[in-house]
1. Cα-based Rg (one decimal) and Dmax (whole number) for the stretch 303-391, in Å?
2. Explain nothing, just the number: relative contact order of the stretch 428-496, from Cα pairs under 8 Å at least 6 residues apart, as a whole percent.
3. By accessible area of protein heavy atoms, probe 1.4 Å, what ranking do Y383, Y258 get, highest first?
4. How big is the charge dipole of the stretch 184-343 about its Cα centre, in debye rounded to the nearest 20, if each Lys and Arg gets +1 on its Cβ and each Asp and Glu gets -1 on its Cβ?
5. If the limit is 28 Å between Cα atoms, which of K380/K429; K207/K380; K316/K401; K380/K454; K380/K457; K272/K401 go over it?
6. Relative to the present Cα-Cα distance, how much length would full extension add between E425 and V46 at 0.36 nm per residue of separation?
7. Could you give each residue of the stretch 399-407 its phi-based ³J(HN,Hα) in whole Hz, using Karplus coefficients 6.51, -1.76, 1.60 with θ = phi - 60°, and x for Gly or Pro?
8. Only loop residues by DSSP count here, and only those with at most 11 other Cβ atoms within 10 Å; note down the GluC sites (Glu not before Pro) in the stretch 329-367 that meet that.
Amino acid sequence: AQAIHCREDTGHLSRAAHFHDMATPPGGQGQGGQGLFNLLASMQSVENLRAQNAANAQSLQEQLQVLSATQQARDLLDRQRLALAQAIAQTQQQLAQQSQTSSAKQGQHLPPPLTPGPQGHSAATSRTSSPLPVQVGPPLGMHSGGASSSAAGAAAAPKRDAPQVETKKTDPEPEEEVPRCHLHRKQNKACKFCKAYYQNEEERQQKLAQERIAALEKWKEGSVSHSGKGLGPEDKAPLPNFPNFPTVWSDRIQKNDYFLNTLSNMTIGEVKGIIAQAEACDTEWRAEKTLDLEPSAFMSCIYRLLQTQLNEGELKGLLKNRSPFVRCAGFIYIRMGMHHERYWELLSDALMDNEEFNPFPSRGSETMSVGQYAEQLLTKDKYVDLPLPRIPVAQRKAINKRMVLYGQFRKRYAANLEVLDRFKETGVKVEICTLDGEWLTGETSESPSKGQCKTLKVTMADGEEQDVSLGMLITPSASGNSTDLTRSRGRSAEELLEKFESQQRDAALATGKDYCKTSGQHTLRVGGVPFVAGVKRKDMDSVRPLETEEEARQARRNMPSMEHQAKLAAIESKYCARVGSGAGSRSSNLDGPERMRLG
């Protein structure tokens, strides 16, 4: 109706505007037309507001309908809940009457029926008073999910006959802290507060010590996986000490052109070939046209192997290589990268290696055996100028105690090599020296091995078979010579250990002017220029070669003549003479001050 009225009004206005235009003179036609357009625009805006109000009213009516439907649903829900509660109460009453009737018939006393009570009622009452489970869920008609879950719960409820007891992990109760005595700063044995406080502190320290011991035992159990014991030939041997490689040396090696351009792109086999061609085991070498020292190819190859991380089979191949330099590279690989618990396992066999070579020819060192080279890696803290990973004190003591026997073992090994035909036949009665210096009896079961360090398979008295080095066994004889190490036991472990400890004590004392007992010369770098220090002057004089007659004659020619020396002596006597003291003023026992005449 409003729209009809609006259209009628619009028609009247348009007709009125038409008549107005007809009645308006030509000069005022522009002003009259503009007013009519403004009137039509205002009427259109009014029409838009009316339509918007109608839409808002319709939306409000829809919201009211939704609210009324929701209220009806809530009322229905409340009625269903009330009906369900009444049904539950009736069921409980029926169950109570049934239980009372059955108990009266049987003459037994049962607990009172289940009545709704506080939340903290006992579990026993709830179990005995509800023999049949009652499923309490959401009312019907809410949603399908709730209905299905309630039905599933009702179906599964009869199966829960046995009570379920939940076990919860209880945290350890916090210990009560005993406050410090408020009367005394120091412990007073007569004060009960001091006694309680210090007794609590002592118990706490004991608990901490027990926890520390337990953690240490747990760490020892897990040290097998950390150290790499029991690995297969294809398993990578862990290198826990490689992250502690000296930073200065690591930076120098990685910035070296030879390492960057050549070694970093090589395989393990190619690196082994370069090590086999080496002529020294030194850590540094001097370039041809410079005075600067650079990391040697030998040390750079070892660093490359550490980066690659060899497996057990490749590592055993290094230790059994024909080249002594490759074997020595394997020793340094073990000492610099692997866990200290594997040092003795991997390096003890190499201590008997008697192949002679010169590891440091540029330093003027003498030849040594590969076994002595491996021994220095185990007993020293530095390899030339390169610091080695620290060995724990307990393990170092055990290594030193075993190492005192290896000097005698090497001599016996060389002596047994000369009489190797003695062990060609099996069943030879032998005695074996253990690492602790004890001697056990046994007999050979195989001929000597063909490797670099020869061993024999020996069957012990208890039936156990062991691979024993030639340096650790003898063939006892009643008429044997005491100096023959193949027949006699030699010096005992106690004597050798006592000798080693006395040498260690003497090394801490100075004799004469030998205040510092160094291991030899040291190279210092000052401003990039290397300086050699550590050699005493008297040692240099003893090592210096004798002068020839021609050199002595040339030295005498360069000396000043006799006339020149006489003139110097006259000048010295004239200007450096002493003046005697006066008899009256000074005592005759005191010399006067030295004076120089200037004119």
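1. Taking only Cα atoms of the stretch 303-391, I get Rg and Dmax of 12.6, 36 Å.
2. Result for the stretch 428-496 is 25 percent.
3. Of Y383, Y258, the descending order of accessible area is Y258, Y383.
4. 1040
5. K380/K429; K207/K380; K380/K457; K272/K401
6. 123.7 nm
7. 5, 5, 5, 6, 5, 5, 7, 7, x
8. Listed in order of number, the matching sites are E366.
The values are calculated or read from the model by the stated rules, or taken from the named source; none is laboratory data. Predicted, not measured: the structure shown is a model, and the values here were computed from it. We place every Cβ from the backbone using ideal geometry, glycine too, and count neighbours over all the protein chains shown. Only protein heavy atoms, including side chains, enter the accessible area calculation; ligands, DNA and RNA are left aside. Shrake-Rupley method; radii C 1.70, N 1.55, O 1.52, S 1.80 Å.
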